[in-house]
Amino acid sequence: MERANALNSQGAIEDQRGDYAKALSSYERSLEIFKIALPPNHPNLATSYSNIAMVYSHTGEYSKALSSYERSLEIFKIALPPNHPDLATSYNNIGGVYSHMGEYSKALSSYERSLEIRKIALPPNHPDFAQSYNNIGGVYDNMGEYSKALSSLERSLEISEIALPPNHPDLGTSYNNIAMVYSHMGAYSKALSSYERSLEILKIALPPNHPDLGTSYNNIAMAYSHMGAYSKALSSYERSLEILKIALPPNHSDFAQSYNNIGGVYDNMGEYSKALSSLERSLEISKIALPPNHPEFAQSYNNIGRVYDNMGEYSKALSSYERSLEIFKIALPPNHSDLATSYNNIAMVYSHMGEYSKALSSYERSLEIFKIALPPNHPDLATSYNNIGMVYDNMGECSKALSSYERSLEIQKIALPPNHPDLGTSYNNIASVYSHMGEYSKALSSYERSLEIRKIVLPPNHPDLGTSYNNIASVYDNMGEYSKALSSYERSLEILKIVLPPNHPNLAASYNNIGWVYNNMGECSKALSSYERSLEIQKIALPPNHPDFAQSYNNIAGTYDNMGEYSKALSSLERSLEIQKIALSPNHPDLATSYNNIGGVYSHMGEYSKALSSLERSLEIRKVALPSYHPDLATAYDNMASVYDNMGEYSKALSSYERSLEILRKSVPCTHPHLVLVKRNIEDLKNRF
């Protein structure tokens, strides 16, 4: 018996360290001893099965976890009276597994059964009730039923306030959980208020440098990050890190998480070198603190991959994501959902590179794993179909894109409540495809359905409502209904002004969109005014050479080009190019776009040799950055053909158009508008000469 108890203790330590195989071995050996030494339905056997289930849950083997938790429950039912608190704990554990599996109705049922038992077994305001309401609130949060989530979490808080002293740490946890729901609702100021209330309590309840204070500052930082207040986010993350440095040994794994979070903020700010530095520091600590193939290593490589992806350094991004996948393959069972996430990330890079067949292959591998690991209508399956739909959309295969998006929507209708925000996202994606197809009335209908859902589930001025009005505006813009487009863009801007700090980058994007409509209307002075307001905000909100500045200067240049002010257009485009040379890798596709635009201005000026020089530089970059049959290469040849045509070099023009056509035949469907246009240009050129 002593040996069995020692193995249990050893298993707990190994589980905490992430040594799941060893933990499982220790718990199973303990169980074997108990089976020999104890009668068949002794409570200690139930505890052993529960411990084994916990390890399976940590490794994502939820069906095995469920099986062991249910075996534990069977024993408790025989060994204990009908409403013993340990039965409530068992139902609670089973509820936790169902929640991880995305089977929220089963999770709720188990949590509510646990609560029923506690109501019989325990006094009215026992702290365990607070845990039950907290868990039920968590499931409603995952389901997107935020009002029910808040109601349960506030009930949990009420009980804790009665049962516990005024500044007990569990009260801090309750405020923290309430804050998380507000954050998911996009009510970031309320989230911040609850996170700060949590911090106040923990400051009283805990010693000055307790790790939980570090967690509080971390959560506050996360809220600031969502609000786009990156300097405040950094400050709070750094305060969190300071506390951890005092409270924990030098290379504790929590430091890795802190540096990871700091890296994430720098990534959002476009300060990629600082982001990489923080993420690499995180990785170094993990290598010291954790066993060689711990899943957290995979997470570190994943985050580094994301920064490289944002920098346009796709080969490095792929390398990091593939390293992450290798670790997950060693650390986790063959069909763990984290493997699916890895394949998803790899697919995303291939998609950015325009290697759509490889992207599809990886997204489909991700989907295969999810189909094995998750129940048939789990929301993550909907996400997979959504991602596959995006690739088909990028390939111009609109019918396949629609089919995937609609499959995603079907799953969400089964898995989620009727007005879950994810349904709004699905209608939004379907609308996007219709917009690309030029079916603007269908696009509007889907965008408006998305907006209806968001109006029901989200607070009146949630940023996603701003996004909906923005998307509706873009359709009106494509339809040439500029006054309606302006009205929707301005409604979007009004919402963002309420929910975001005065100089948030998303406000800059709104002014940019308004400028675009004015530009299309030929109201160049109003377009310039909006573009310049966008630029002013970016100068306050972003570091000096953030890539978004380049976009602003590019847009300003486009307006000057339309006005025939070519020297001003060139000046803005060259400023855009300077920023990109600092912010981006040498062969980033955005540099190619800048050279392309410069070439366009020179062409309008009749300076064809300079135009060709810039367009050829654009083509060189695209040849390095993109696969050999990427549609953007076809665009480069198109533009060169147009210049050759203007110069009267018709054979060169024809050769360039034919090269463009060759690329498009291998990269897009035969009905794609770009391919049809190139064919028409070739016919026109042959007819003329």
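The values are calculated or read from the model by the stated rules, or taken from the named source; none is laboratory data. In this text the structure is predicted, and so the values were computed from the model without any measurement. Methodologically, a virtual Cβ is constructed for each residue, glycine included, from the backbone with ideal geometry; neighbour enumeration extends over all protein chains shown.
Could you tell me whether residue 642 is surrounded by fewer than 21 Cβ atoms within 10 Å (Cβ to Cβ) and out of contact with any Cys (no Cβ under 8 Å at 6 or more places or on another chain)? So residue 642 fits the description; yes.
Look at (1) under 29 Å from residue 279 (Cβ atoms); (2) hydrophobic (A, V, I, L, M, F, W, C); (3) surrounded by fewer than 17 Cβ atoms within 10 Å (Cβ to Cβ) and you find that residue 162 fails only one, number (1).
In the condition set (1) of a type outside the set (Lys, Arg); (2) modelled with pLDDT of 95 or more; (3) under 15 Å from residue 256 (Cα atoms), residue 300 is compliant with all but (2). I'd like the residue in the range 485-534 that is of a type in the set (Asp, Glu) and within 20 Å of residue 467 (Cβ to Cβ) and, out of all such residues, is surrounded by the fewest Cβ atoms within 10 Å (Cβ to Cβ). The qualifying residue surrounded by the fewest Cβ atoms within 10 Å (Cβ to Cβ) is 494.
The rows are residues; the columns are (1) free of Cβ contacts under 8 Å to residues at least 24 places away in the same chain; (2) under 35 Å from the mean Cα position of the chain (by Cα); (3) not assigned by the TED database to the domain that holds residue 591.
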{"site": "618", "(1), (2), (3)": "no, yes, no"}
{"site": "625", "(1), (2), (3)": "no, yes, no"}
{"site": "634", "(1), (2), (3)": "no, yes, no"}
{"site": "649", "(1), (2), (3)": "yes, no, no"}
{"site": "671", "(1), (2), (3)": "yes, yes, no"}
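Residues in the range 273-304 that are touching a Leu at 6+ places or on another chain (Cβ under 9 Å) and without any contact (Cβ under 8 Å) to a residue 40 or more places away in the chain: 297, 301, 304. Just one of the numbered conditions (1) under 26 Å from the mean Cα position of the chain (by Cα); (2) hydrophobic (A, V, I, L, M, F, W, C); (3) farther than 30 Å from residue 613 by Cα is not true of residue 549: (3).
Among the residues of the range 336-357, write down those that are over 18 Å from the mean Cα position of the chain (by Cα) and either assigned to a helix (DSSP H, G or I) or hydrophobic (A, V, I, L, M, F, W, C) (or both). Show your work before the answer.
As a first pass, look at the range 336-357 and keep what is over 18 Å from the mean Cα position of the chain (by Cα): 336, 353-357.
If the condition is that a residue be over 18 Å from the mean Cα position of the chain (by Cα) and either assigned to a helix (DSSP H, G or I) or hydrophobic (A, V, I, L, M, F, W, C) (or both), then 353, 356, 357 are the ones that fit.
Of the residues that make up the range 511-520, is at least one in contact with a Gly (Cβ under 6 Å, 6 or more places away or on another chain) and closer than 30 Å to residue 232 by Cβ? The answer is no, given that none of the residues of the range 511-520 is in contact with a Gly (Cβ under 6 Å, 6 or more places away or on another chain) and closer than 30 Å to residue 232 by Cβ.
Set side by side, the residues 387, 428, 419 differ, and just one is at pLDDT 90 or above, more than 30 Å from residue 322 (Cα to Cα) and not assigned by the TED database to the domain that holds residue 667, which is 428.
Please state which one of 203, 190, 119, 106 is within 25 Å of residue 380 (Cα to Cα) and either hydroxyl-bearing (Ser, Thr, Tyr) or surrounded by fewer than 21 Cβ atoms within 10 Å (Cβ to Cβ) (or both). If you could, list the steps in order and put the result at the bottom.
Details: 203 fails: within 25 Å of residue 380 (Cα to Cα); 190 fails: within 25 Å of residue 380 (Cα to Cα); 119 fails: within 25 Å of residue 380 (Cα to Cα).
Just a single option satisfies the conditions, and that option is 106.
Residue-level analysis places residue 454 outside the set of residues that are farther than 25 Å from residue 512 by Cβ and of a type in the set (D, E, K, R).
Just one of 186, 214, 172 is of a type outside the set (Ser, Thr, Tyr) and on the phi > 0 side of the Ramachandran plot; which is it?
Values: 214 fails: on the phi > 0 side of the Ramachandran plot; 172 fails: on the phi > 0 side of the Ramachandran plot.
So the residue among 186, 214, 172 that is of a type outside the set (Ser, Thr, Tyr) and on the phi > 0 side of the Ramachandran plot is 186.
So which residues in the range 450-484 are β-branched (Val, Ile, Thr), crowded, with 20+ Cβ neighbours inside 10 Å and modelled with pLDDT under 90, if there are any at all? Within the range 450-484, 457 is the sole residue that qualifies. Residue count for the range 358-384, restricted to those that are at pLDDT 95 or above, over 19 Å from the mean Cα position of the chain (by Cα) and either of a type in the set (S, T, N, Q) or surrounded by 21 or more Cβ atoms within 10 Å (Cβ to Cβ) (or both): 1. Pairing each residue of the range 66-87 that is of a type in the set (Val, Ile, Thr) with any residue that is part of a helix (DSSP H, G or I), provided the two are 6+ apart or on different chains, yields C-beta distances under 6 Å for 75/45; 75/46. Tallying residues that are at pLDDT below 95 and basic (Lys, Arg) within the range 231-268 yields 2.
For the range 535-549, the count of residues that are assigned to a helix (DSSP H, G or I), buried (at least 17 other Cβ atoms within 10 Å of the Cβ), free of Cβ contacts under 8 Å to residues at least 60 places away in the same chain and small (Gly, Ala, Ser) is zero.
Within the range 102-111, is even one residue within 22 Å of residue 20 (Cβ to Cβ), modelled with pLDDT under 95 and not assigned by the TED database to the domain that holds residue 412? Checking the range 102-111: at least one residue is within 22 Å of residue 20 (Cβ to Cβ), modelled with pLDDT under 95 and not assigned by the TED database to the domain that holds residue 412. Within the range 15-27, track down each residue that is under 16 Å from residue 61 (Cβ atoms), in a helix (DSSP H, G or I) and of a type in the set (D, E, K, R). Hits for the range 15-27 are 15, 22. Just one residue in the set 399, 403 is modelled with pLDDT under 95 and in a helix (DSSP H, G or I); that residue is 399.
Which of the helices (runs of 4 or more DSSP H) found entirely inside the range 130-206 contain at least 2 residues meeting this: free of Cβ contacts under 8 Å to residues at least 12 places away in the same chain?
Details: elements: 146-163, 169-184, 188-205.
Correct list: 146-163, 188-205.
Residues that are out of contact with any helix residue (DSSP H, G or I) (no Cβ under 7 Å at 6 or more places or on another chain) and small (Gly, Ala, Ser) within the range 624-641 comprise just one, 628.
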